[in-house]
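Step one of this worksheet: look at the structure below.
Here, each number is a calculation from the coordinates, and none is a lab measurement. As the structure is a prediction and not an experimental result, all values here were calculated from the model. We place every Cβ from the backbone using ideal geometry, glycine too, and count neighbours over all the protein chains shown.
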């Protein structure tokens, strides 16, 4: 038994590919891997910080976007430090936990919109909020246990906490996709241009699909390690003790699991151009109209209830005479990169237009 133990000790110190990197135990392939991940995380953090600054400049009133991008910034900064210095297993759980918290906030956002679209807001208070609190408690307990009972890099990937987190995330993502289905069905009932409806669905399903991919990749990766790996061979044995095999797999896994969801949210949530004063926005658009996509809560989902009614949304490309009367200092906004949903006004409203109004484009409403 002594020779076998000595062999195992030698294997731990010689073939544990997880401990190699740029600092400490240097290895070229591992250093390139960590450098790529650290650079991508740092660049993503920079874009998140820029997004937060633009949110504050636009006086956004919704806390969901603030929370998501603040957590994303922290996640990317910690990830950049972690992949640069390496071998701090506790940070792996911290990164996973921050990503899951962002996901739960996103679930609350979309599930709330889905209940509004179905006119079942009471479901949000009775079932949605308690469920999300329970899920957050579960993720917090499992992540804390993983940090407290952290193992060496030789067997860290085989700990059951990883599979417990990824399996729960994968299950919740399926419910998240159901919310996307109901919002899409409600969008189909609104009279608007097909191209605009398609762009709204594209934004919605980009979010749904990217979290579906992230959860599926994490679940398959963790369950594969549990099936294939064992404590004697260690995590490195799963990858044949080869950095050339481990590096592309780990880079792809990390990007799909942690970074891709942040990139998609940065793309989908495009803030409107800032105006001179925040107060000037309020007579014209809703409090939560920072984004011109489907995800403006109050204004958009009142439109989901009654798509034929006018909720005083103003076309970005025109300046209404009434707008000038309400606030003469309002600065005309430039067209945003997301097109608003257009809807023709009723014939009765058209008959009340002045001759000057007849030359203006028809009113447009944001969904």
Under a plain spin-label model, where a point goes 7 Å from the Cα along Cα-to-Cβ, how far apart in nm are residue 49 and residue 90? 2.5 nm
Alpha-carbon radius of gyration plus Dmax, which is the widest Cα pair, for segment 2-268 in Å: 20.7, 77
In nm, spacing of pseudo-spin labels at residue 205 and residue 126 (7 Å Cα→C-beta vector): 3.2 nm
Whole number please: convex hull volume per residue of the Cα set in segment 7-112, in Å³? 103 Å³
Please find the FRET efficiency linking residue 178 to residue 66, where r is the Cβ-Cβ separation and R0 is fixed at 25 Å, and quote it to the nearest 0.05. 0.45
Could you work out how much longer the chain between residue 145 and residue 189 gets when fully extended? Use 0.36 nm per residue separation minus the Cα distance between them, nm to one decimal. 11.1 nm
Quick one: P(r) of segment 160-262 from all Cα-Cα pairs, 5 Å bins, percents rounded to integers, in order of increasing distance. 2, 12, 16, 17, 15, 11, 9, 7, 5, 3, 2, 1, 0
For the residue pair residue 32 and residue 119, what label-to-label distance in nm results when each label sits 7 Å from Cα along the Cα-to-beta-carbon direction? 6.1 nm
When the C-alpha atoms of segment 82-179 are aligned to their principal axes, what extent does each axis show, in angstrom, from largest down? 52, 23, 17
